[in-house]
1. Would you be able to say whether some residue in the range B:40-56 is part of a helix (DSSP H, G or I), basic (Lys, Arg) and more than 9 Å from every other protein chain (Cβ to nearest Cβ)?
2. Of the conditions (1) over 19 Å from the mean Cα position of the chain (by Cα); (2) without any contact (Cβ under 8 Å) to a residue 12 or more places away in the chain; (3) part of a loop (DSSP other than H, G, I, E, B), B:ASN36 satisfies every one except a single condition; which number is it?
3. From A:VAL542, A:VAL530, grab the single residue that is part of a strand (DSSP E or B) and more than 16 Å from the chain's Cα centre (by Cα).
4. Can you give me the ranges of the strands (runs of 3 or more DSSP E) entirely in the range B:66-136 with at least 2 residues that are more than 9 Å from chain A (Cβ to nearest Cβ) and either touching a Phe, Trp or Tyr at 6+ places or on another chain (Cβ under 7 Å) or among the acidic types (Asp, Glu) (or both)?
5. Determine if the range A:317-325 includes at least one residue that is more than 14 Å from every other protein chain (Cβ to nearest Cβ), closer than 27 Å to B:ARG177 by Cβ and hydroxyl-bearing (Ser, Thr, Tyr).
6. All but one of (1) within 29 Å of A:PRO141 (Cα to Cα); (2) in contact (Cβ under 8 Å) with a residue 40 or more places away in the chain; (3) under 25 Å from the mean Cα position of the chain (by Cα) hold for A:ASP52; state the number of the condition that does not hold.
7. In the range A:360-391, how many are of a type in the set (D, E, K, R) and closer than 18 Å to A:SER482 by Cβ?
Amino acid sequence: MAAPASTQTVDLVARFPDSVSADARPGYTGFIVKKENLLEVATAIRDEFGYDLLTAVTGVDYIAENKMEVVYHAYKTTGGAGLTFKVQVDRVDPVEVPSVVGIWAGADFQEREAWDLLGIKFTGHPDLRRILMWEGYEGHPLRKDWKEPFFEEEAKPFKSRWPDGQHTFAENKNPFRDNLKFPEGFDPEAYQPENEDDLYASLERFRSKGENDRLKTDHIVVNMGPHHPSTHGVLRVAVTLDGETITGLKPVMGYLHRNHDKIGERNTYLQIIPYTDRLDYFNSMSNNFGYVTTIEKLMKIPVAERAEYIRVIMAELSRIQNHLIFIGMLMNDLGTMYTPSLYAFEERELVLDIFEAVSGARMMCNYFRFGGVVRDIPDFAMQKIKDLVFDRLPAKTDEMERFLNENEVLVARLKGIHVLNAEDAIKYSVTGPVLRAAGVPYDLRRAEPYSVYDRFDFDVAVRHNADMMDNYLIRFDEIRQSLRILEQAIKQIPEGPINSQKPAYQVRVPAGEAYGRIESPKGELGFYVVSNGKPNPYRYHVRPASFVNLQAVESMCIGAKIADFVALLAMFDIVMGELDR
Amino acid sequence: MYGKGILKGLSVTWKRFWDTYTEDISWMVRGKKRYNTQEGIAHRSSKDTKGIFTVQYPEEQLIQPEEFRYVPFLVYDEGEEGKKEIRCTSCGICAKVCPPQCIWIVRTNDPSTGRPVPVPTNFYIDMDICMNCGFCAEYCPFDAIKMDHDFDIASYERNVYNLEKLLKPASYYNSIRPENAAREDEARRAKEALKAAKAEAKPAAAA
């Protein structure tokens with residue numbers, strides 16, 4: 001079994017007796033660091049204790065205690081349990097915390113997100129703009145005193161639904177009450193959309209000054225997206241170009257933002273499960289997996305043995321179809337319209353048939369429950385899984401390789417185009433296949449095994465050239481390893497109940513916090529949940545792989561050609577449902 | 001040789017192209033229909049599928065597994081003279097568990113005593129908000145609300161279903177989910193038998 005996350009291998013208090021204290025609140029773990037000493041302690045955590053990968057940064061608004069807390073989760077790329085440390089500040093605007101971007105560059109987007117949604121100002125952050133909401137937006141939505149338009153009640157279930165539930169349309173309720181805020185002096189008649197000087201100014205710092213150029217040319221700003229077929233959704237990228245070379249680049253996101261965190265905080269624990277399906281909609285099984293693992297950690301309940309194997313089978317099938325689609329879509333991005341991606345879609349369809357037979361839906365599976373899964377795999381579906389795993393998928397993976405891998409055009413486009421080296425990947429908190437293709441064998445299924453992954457014999461796929469070709473080939477390696485896990489899981493799966501708990505539409509979650517993470521096909525998918533013992537989570541935060549990985553895209557593309565940009569972006573395998581949340 | 005990889009790749013496409021026709025011919029020789037038949041569709045979505053893979057919706061439709069779920073409906077048992085015995089007792093669990101909160105239930109009160117009666121006066125589901133998660137069906141203790149198989153509900157109006165529109169007979173439910181229905185019926189019968197046995201035991205113990 002996975003080592004409990006509470007195992008703190010480091011004694012920070014002994015090292016910094018004056019500035020660090022252990023977090024003694026019941027159900028909480030980690031250390032509380034004084035704000036003044038944060039940078040000093042953080043540097044020591046990275047350099048002396050070796051926690052080189054900062055995976056999650058988020059804030060919590062403890063309104064009753066009049067405190068804001070910033071929570072950091074740092075891990076070692078050599079594996080093992082993580083280190084949680086926190087900074088507490090008074091909840092008086094401006095709430096200011098020193099930025100750790102100088103220590104872990106991977107804190108960049110997540111600090112911007114915490115500023116955007118919680119209003120925590122990170123002093124010393126190089127580019128502290130809003131990230132999911134737009135510049136000029138009033139208020140910070142994740143604060144506990146912020147209410148959304150059409151606000152009904154603090155928490156579900158709403159009282160208007162039963163016992164006297166007369167149907168009303170949400171828009172018939174007046175949204176323009178105390179829950180809609182405008183900036184001071186705002187006049188709707190005179191409203192002009194914000195100019196984006198800040199965005200373009202942030203591009204400036206990467207502009208070459210033209211000193212070494214043979215030919216002095218103007219730099220052009222190109223806005224790709226949000227409606228660009230190759231950005232995998234509504235992602236917009238502002239690029240400055242010097243000829244064909246990218247000299248500056250900023251991703252602009254939030255077009256699909258729906259504040260998943262806030263929705264989660266209004267929901268009960270059970271109600272969040274179907275919403276997690278909609279994060280990374282290619283891998284709803286993995287999303288379910290990450291979320292229920294976190295809540296099970298918080299509830300301290302066991303998982304039924306058979307259900308553990310079912311979960312692994314579903315998660316690995318999901319990984320296989322995700323990687324096949326990645327390969328197909330990468331070909332689309334490179335200009336091979338449709339044929340490879342449709343070949344990939346055939347296998348995906350067959351996997352989705354299984355999901356449908358098991359869970360009832362092809363994409364929005366909603367299949368996992370606390371302590372197990374909804375229902376057992378029907379016999380005919382089990383037969384289908386066996387057919388795919390032992391028979392069809394290995395052959396089709398080979399066929400895909402035969403189809404593409406030696407294609408000279410493909411090789412010319414992919415080979416030698418640098419993506420990310422190991423050092424930069426770790427610096428920017430990149431996880432998943434991109435990190436492994438840079439030669440870092442960091443896979444959570446091995447680094448900190450969860451569920452029953454420690455019982456299977458498999459290799460962590462790793463490649464060393466860190467170019468696009470390796471990033472592409474590693475997906476085939478991972479498909480093969482997933483098939484290996486699946487073969488073992490199907491052979492080992494025990495009989496027995498599929499849930500350790502009685503079915504209950506409301507669960508009791510003791511007060512405390514938990515950070516759960518799994519290896520989703522795109523990288524580390526983390527959930528940070530704070531419970532105060534009520535039916536709804538007090539704080540619910542998702543750390544999606546796509547969002548955090550995208551931090552590296554800026555430094556990765558500077559100096560690359562614009563023609564390669566779309567393919568470089570495809571390497572992260574981003575999904576907007578997860579990126580914008 | 002430059003171009004060898006491309007040719008190798010094209011051989012895969014070439015094979016896939018011909019697979020469609022060899023399959024067609026082999027089905028023809030065996031005297032079976034590959035298109036517009038259940039058998040043909042089932043084969044096209046099995047591990048042995050080769051060549052053409054697409055299912056020509058709406059003429060052909062994928063075979064729905066029993067667990068397939070779309071929007072919910074309410075089950076009623078057919079009583080004597082076509083009387084609709086609604087299974088729902090308006091306990092409100094489905095309305096409470098619903099993640100997007102799209103279920104509205106009006107509970108019936110006895111006009112003389114003011115006490116609740118276990119039958120809904122009205123029941124609304126806003127199908128435009130429903131996310132088809134299936135929680136209502138999963139947690140209903142009376143097997144009264146179930147997920148449907150009928151997904152063609154596109155319309156020009158907004159889809160707010162009331163009690164009348166939500167009700168479907170138990171026979172319909174049995175036809176779309178035979179295994180589930182059989183299992184649930186058996187569990188319910190066992191429960192009732194247990195209840196009856198208890199009721200019988202009570203006067204016996206008193207005597």
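The values are calculated or read from the model by the stated rules, or taken from the named source; none is laboratory data. Predicted, not measured: the structure shown is a model, and the values here were computed from it. Heads up, the Cβs are rebuilt from the backbone with ideal geometry, glycines too, and the neighbour counts pull from every protein chain shown.
1. Checking the range B:40-56: at least one residue is part of a helix (DSSP H, G or I), basic (Lys, Arg) and more than 9 Å from every other protein chain (Cβ to nearest Cβ).
2. The number of the failed condition is (2).
3. Going through A:VAL542, A:VAL530 in turn, just one is part of a strand (DSSP E or B) and more than 16 Å from the chain's Cα centre (by Cα): A:VAL530.
4. B:70-78, B:84-86
5. yes
6. Evaluating A:ASP52 over (1) within 29 Å of A:PRO141 (Cα to Cα); (2) in contact (Cβ under 8 Å) with a residue 40 or more places away in the chain; (3) under 25 Å from the mean Cα position of the chain (by Cα) leaves (1) as the failure.
7. Of the residues in that region, 4 qualify.
Yes or no, residue by residue, for (1) of a type in the set (Ser, Thr, Tyr); (2) surrounded by fewer than 24 Cβ atoms within 10 Å (Cβ to Cβ); (3) away from chain B (no Cβ under 14 Å); (4) in a helix (DSSP H, G or I):
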{"position": "A:PHE476", "(1), (2), (3), (4)": "no, yes, yes, yes"}
{"position": "A:GLN481", "(1), (2), (3), (4)": "no, yes, yes, yes"}
{"position": "A:GLU487", "(1), (2), (3), (4)": "no, yes, yes, yes"}
{"position": "A:ILE490", "(1), (2), (3), (4)": "no, yes, yes, yes"}
{"position": "A:PRO510", "(1), (2), (3), (4)": "no, yes, yes, no"}
{"position": "A:ARG517", "(1), (2), (3), (4)": "no, no, yes, no"}
{"position": "A:GLY526", "(1), (2), (3), (4)": "no, no, yes, no"}
